[in-house]
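Chemist: Below you'll find the structure I mean.
The values are calculated or read from the model by the stated rules, or taken from the named source; none is laboratory data. If you're wondering where the values come from, they're calculated on a predicted model, not measured in any experiment. Surface areas here come from the heavy atoms of the whole protein model, side chains and all, with no ligands, DNA or RNA. Shrake-Rupley method; radii C 1.70, N 1.55, O 1.52, S 1.80 Å.
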Amino acid sequence: MLKLFKKTKDKIPKSEIINEPKEPQKPAISKCGKPLLLDNSRWERRLHKELMSLIKEPPPGVTVDTESVQQNLSEWKINIKGFEGTLYEGEDFQLLFKFNNKYPFDSPEVTFIGSNIPVHPHVYSNGHICLSILTEDWSPALSVQSVCLSIASMLSSCREKKRPPDNTLYVKTCNKNPKKTKWWYHDDSV
């Protein structure tokens, strides 16, 4: 609301209060420049379908914390076990997936949570994961299952347990949302 009045101690007459027209909200735009038609029920149906698939036929070592999903469909806790024969064999990790109403056109926010965050060159001690499919290489064709498999594969291929070289600085200065980080993908060998 914009108020127009003279510099006096008088009250503002109602005739001088002008409502500013609200800016129309711009529709979400896809990477190819076309507007996205978003509808809450569509993303919720997609999440429900993925959830049922993940519960009925989970990838090896992956389970859904169904109690967390019952409380909030837009936040899932997923448990991942370290694969046999890897540096993480026998270890249990937990991922937190946060979805917004632009899913699957917008990637979920994915972080490791809990007391056991894997020590890995692409995993920061605050749980943030440097993985291109979680940001710039995301595609609506990907799913929670494919993200879990990518993270499990990333852990399985690790040859040395160590934190990223910039871990301390990153954790002190980063945004709480890892999707707001401008990642530099330079090391595909881990």
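Chemist: So, for the stretch 58-175, what is the accessible surface per residue at a probe of 1.4 Å, expressed in square angstrom?
Modeler: In whole numbers, the stretch 58-175 has 48 Å² accessible per residue.
Chemist: Moving on to the next point. Explain nothing, just compute: Karplus ³J(HN,Hα) = 6.51 cos²θ - 1.76 cosθ + 1.60, θ = phi - 60°, for every residue of the stretch 162-168 in order, whole Hz, x for Gly and Pro.
Modeler: 7, 7, x, x, 9, 3, 4
Chemist: How large, in percent, is the carbon and sulfur part of the accessible surface of the stretch 58-175 at a probe radius of 1.4 Å?
Modeler: The nonpolar share, carbon plus sulfur, comes to 48 percent.
Chemist: I'd like the per residue volume of the convex hull spanned by the Cα atoms of the stretch 58-175, given in cubic angstrom.
Modeler: 115
Chemist: Here's another thing I want to ask about it. Normalised by the residues of the stretch 58-175, what does the relative contact order come to in percent, with Cα pairs under 8 Å and at least six apart?
Modeler: The value is 22 percent.
Chemist: In what sequence, largest accessible area first, do Phe105, Phe83, Phe93 appear using a 1.4 Å probe?
Modeler: In descending accessible area the options line up as Phe105, Phe83, Phe93.
Chemist: Is the stretch 108-184 best put as rounded, prolate or oblate by its Cα gyration tensor, with a ≥ b ≥ c the root eigenvalues, rounded for a/c under 1.5, and otherwise prolate when a/b is larger than b/c, oblate when not?
Modeler: oblate
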